[in-house]
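Have a look at the structure below, then the notes.
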Amino acid sequence: MALGRVGQSLPTSPLLAFELAHARARDAVHAAFDPAGVIAALNGLATIEVRSRADDRATYLQRPDLGRRVRPEDLAALAPVDAELAIIVADGLSATAVHAHAAAMVHALRKRLPGWRIAPVVLAHQARVALGDEVGAALSVDAVVLLIGERPGLSAPDSLGAYVTWAPRAGRRDSERNCVSNIRPPHGLGYGTAADEITRILAAARRLRLTGVALNQALVALPPDQVDPGHGGEDRESGLST
């Protein structure tokens, strides 16, 4: 639509632009996760590495269920920590997004969460969103923020998503999470804006001890004078969606 045409075909310029965007999206999906680069950008923060039960990229793409589970030997090595929150960096469907934005998001989040005890950063290979449930349960934390490379679009091969889950445990449904997506400055959400929104979600989750659709409904039902201080009623209209 609105791209023009030459006979029965697209003009050369839009066609080449489409092919380039498609190639970038494919490259992002198949890019190898570089944990060493992320660790270096975390500037000395303690880290833990885990892998999903998907042994390679092909298996990961064909078997989403295996990407949702931590491989047994890594799960057995995780132990409860004295922390309320775990931040997990997962390659997901775009390691390109993780390499570009994850470390900056971790720093932005930690800066805004001085009152939280935070576990070492977990780096997860071949991971889907639900993998954070097993990790969070093993670490015995109250909440998990999972930063993950989102499915690339033709114009956004490097978009990062953040999923917040209260009381993580195996079997959590997607409706029990909140998501902040399209973190990719300068074309999408900036780090500060995204971190502010995630911080608001975490504050509400800690107060009401839930996330997802139930959190949204609880916030809408609260009288204005009982909305969590600092939210100013924004929870009714903000990005507290799944």
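The values are calculated or read from the model by the stated rules, or taken from the named source; none is laboratory data. A quick note: this is a predicted structure, and the numbers were derived from the prediction, not measured. Cβ atoms come from the backbone with ideal geometry, glycine included; neighbour counts cover every protein chain shown.
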Just checking, how many residues over the stretch 154-167 are at pLDDT 95 or above and surrounded by fewer than 22 Cβ atoms within 10 Å (Cβ to Cβ)? 1
Considering the stretch 168-199, residues that are in contact with an Asp or Glu (Cβ under 7 Å, 6 or more places away or on another chain) and among the aliphatic types (A, V, I, L, M), and then whichever is modelled with the lowest pLDDT, we arrive at 170
For the stretch 171-218, how many residues are over 28 Å from residue 134 (Cβ atoms) and part of a helix (DSSP H, G or I)? 3
Has the stretch 141-160 got any residue that is touching a Gly at 6+ places or on another chain (Cβ under 6 Å) and in a helix (DSSP H, G or I)? no
Note on the stretch 53-68: residues surrounded by 18 or more Cβ atoms within 10 Å (Cβ to Cβ) and over 16 Å from the mean Cα position of the chain (by Cα) are 53, 54, 60
So which of 33, 18 ends up being at pLDDT 80 or above and surrounded by 12 or more Cβ atoms within 10 Å (Cβ to Cβ)? 33
Check on residue 136, free of Cβ contacts under 8 Å to residues at least 12 places away in the same chain and either assigned to a loop (DSSP other than H, G, I, E, B) or farther than 20 Å from residue 159 by Cα (or both): no
Qualifying positions in the stretch 73-89 - closer than 20 Å to residue 211 by Cα and of a type in the set (A, V, I, L, M, F, W, C): 83, 85, 86, 87, 88, 89
Please find, among 172, 128, 184, the residue that is in contact (Cβ under 8 Å) with a residue 40 or more places away in the chain, of a type in the set (D, E, K, R), under 18 Å from residue 103 (Cα atoms) and touching a helix residue (DSSP H, G or I) at 6+ places or on another chain (Cβ under 7 Å). 184
Please give the helices (runs of 4 or more DSSP H) falling wholly within the stretch 64-124 in which 2 or more residues are in contact with an Asp or Glu (Cβ under 7 Å, 6 or more places away or on another chain). 95-112
